[in-house]
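**Q** Quick one: structure below, then a few questions.
The values are calculated or read from the model by the stated rules, or taken from the named source; none is laboratory data. Computed from a predicted structure; not experimentally measured. We place every Cβ from the backbone using ideal geometry, glycine too, and count neighbours over all the protein chains shown. Note: accessible area is taken over every heavy atom of the protein model, side chains too, but ligands, DNA and RNA are not part of it. Shrake-Rupley method; radii C 1.70, N 1.55, O 1.52, S 1.80 Å.
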Amino acid sequence: MDKKCFVCDSLLTSENDSLEHIFLFRLGDTHPVKGIVCKHCNNWLGGVVDFDFVKTFKGLYKTVSGKSEAVSMTTEQGERFSVPIKNEQIENKPILSQSPFKFMDESNFSGHFYDSTDAETSMKKQTNRNPDKNINYNITKETSIPTFYINPKIDKVNFTLEILKIQAEYLRSINYDVNTLGEFIFKYANVNKNLPNPFEPFEKLLIYIFNSFIQPGFNYIPKDTDIIPGVSKAKVVRLKEIDWMFISLFGKVNMIIPIITSHF
C-alpha cells in the first residue's frame, strides 16, 4: 500500500521518504522509522516544533543519557551550577557555579560557590580574564551542601504540538487507522507556513488540550509497563472502552492522553 506524508500528503518514495525519530534523536531516540513524513516536512517540523522542545528538555535528558554530562541545575535559592551527572548520579568531579559573581561597585564583588575548589577555580578564571588588575579574595563562609533541581519551563503550545506530533507519527507507524488532530493542525500550518505564526489560530485550543488532557495525565503509568531511564516508548492502552495513548519520553516525562481525532 502506498504511503503518504502525514503533513503534506505527498506520496512517499525512495527519494523523499525520511528517516523519522518519533521521540527525537537529540533526546535519545535511536530507532528511526520510515513511511511517515517526507524529508521536506521533517526538516520543517524540526525547526518549528522540535527545536524548542529539545531546548526545553535537553538538560533533563542529559541526566539519563548514559553519558557523563555537565548539566545546568538550580538550587532552592535559584543559583545555577554545572553539575557532573551520569545515570542520575552526581559524579565525583568538580561542581562549578555559573555566573556566581555579584558586583557591588567597580572595585568590590561577592560570589557564591559550591565549595572551596569551585571558588578557587572561578577566581583563577577571573584573575586570568583581568591580568591588569590586582584581585584579592578570601572565603568568608561555608554552608551546607545544596540540593540541585531541574525544572524545565514548559511552553504549553510547543509542548502540546510536540505531543500531538508524536501521537500522529506513532499511530501511523503501527497502522492505527485514525485521522488525528495533530495531522489536521500540521497540514493547515504547512499550507500557511509563510505566515509569521502558522499555529496562531490553534493556540487557545492547544492550551486547552494541555490543561484538560495532557497535564492531568502526567505521571500515569499503566500496569505492566516498564519505565527505563533514557528510553522513550509509546503504546495504545484500552481504558473504560476508550483507546488512550501512553507516552514515556526518555523515562522521565510520562503521561497518558486520549487519542485526539480531527473531529475533536
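**Q** Need at least 2 residues that are open to solvent by less than 10 Å² (accessible area, probe 1.4 Å) per element, so show me which strands (runs of 3 or more DSSP E) inside the stretch 184-264 make the cut, counting only ones lying wholly within it.
**A** Of the strands (runs of 3 or more DSSP E) lying wholly inside the stretch 184-264, those with at least 2 residues that are open to solvent by less than 10 Å² (accessible area, probe 1.4 Å) span 242-249, 253-258.
**Q** If you go through the stretch 92-102 one residue at a time, do you hit one that is under 22 Å from the mean Cα position of the chain (by Cα) and surrounded by fewer than 19 Cβ atoms within 10 Å (Cβ to Cβ)?
**A** Among the residues of the stretch 92-102, at least one is under 22 Å from the mean Cα position of the chain (by Cα) and surrounded by fewer than 19 Cβ atoms within 10 Å (Cβ to Cβ), which makes the answer yes.
**Q** Looking only at the stretch 47-69, decide whether some residue is charged (D, E, K, R) and in contact (Cβ under 8 Å) with a residue 40 or more places away in the chain.
**A** Checking the stretch 47-69: at least one residue is charged (D, E, K, R) and in contact (Cβ under 8 Å) with a residue 40 or more places away in the chain.
**Q** Another question about this same structure. Scan the stretch 71-89 and report the pairs whose first residue is β-branched (Val, Ile, Thr) and part of a loop (DSSP other than H, G, I, E, B) and whose second residue is modelled with pLDDT of 90 or more and exposed (fewer than 15 other Cβ atoms within 10 Å of the Cβ), with Cβ atoms within less than 9 Å and a gap of 6+ or a chain change.
**A** Close Cβ pairs (under 9 Å, with a partner that is modelled with pLDDT of 90 or more and exposed (fewer than 15 other Cβ atoms within 10 Å of the Cβ)) amount to THR75/TYR149.
**Q** Only one of LEU249, LEU164, LEU239 is among the aliphatic types (A, V, I, L, M) and farther than 18 Å from PHE51 by Cβ. Can you tell me which?
**A** Every option except LEU239 fails the conditions.
Here's the yes/no breakdown for (1) surrounded by fewer than 19 Cβ atoms within 10 Å (Cβ to Cβ); (2) not in a loop (DSSP other than H, G, I, E, B):
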{"site": "PHE6", "(1), (2)": "no, no"}
{"site": "THR13", "(1), (2)": "yes, no"}
{"site": "ILE36", "(1), (2)": "no, no"}
{"site": "ASN43", "(1), (2)": "yes, yes"}
{"site": "GLY47", "(1), (2)": "yes, yes"}
{"site": "ASP52", "(1), (2)": "yes, yes"}
{"site": "LYS58", "(1), (2)": "yes, yes"}
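**Q** Just the residues that are modelled with pLDDT of 85 or more and of a type in the set (Asp, Glu), please, taken from the stretch 77-105.
**A** Once the filter is applied, which keeps residues that are modelled with pLDDT of 85 or more and of a type in the set (Asp, Glu), the stretch 77-105 yields GLU88, GLU91.
**Q** Another question, if that's okay. Given PHE213, PHE246, PHE199, which one is touching a residue at least 60 places away in the same chain (Cβ under 8 Å) and under 19 Å from PHE159 (Cβ atoms)?
**A** PHE199
**Q** What is the number of the single condition among (1) in contact with a helix residue (DSSP H, G or I) (Cβ under 7 Å, 6 or more places away or on another chain); (2) more than 28 Å from SER173 (Cβ to Cβ); (3) open to solvent by 80 Å² or more (accessible area, probe 1.4 Å) that GLU69 does not meet?
**A** Of everything listed in (1) in contact with a helix residue (DSSP H, G or I) (Cβ under 7 Å, 6 or more places away or on another chain); (2) more than 28 Å from SER173 (Cβ to Cβ); (3) open to solvent by 80 Å² or more (accessible area, probe 1.4 Å), GLU69 misses just condition (3).
**Q** Taking the stretch 22-34 as the search range and keeping residues that are touching a strand residue (DSSP E or B) at 6+ places or on another chain (Cβ under 8 Å) and without any contact (Cβ under 8 Å) to a residue 24 or more places away in the chain, which one is most open to solvent (accessible area, probe 1.4 Å)?
**A** LYS34
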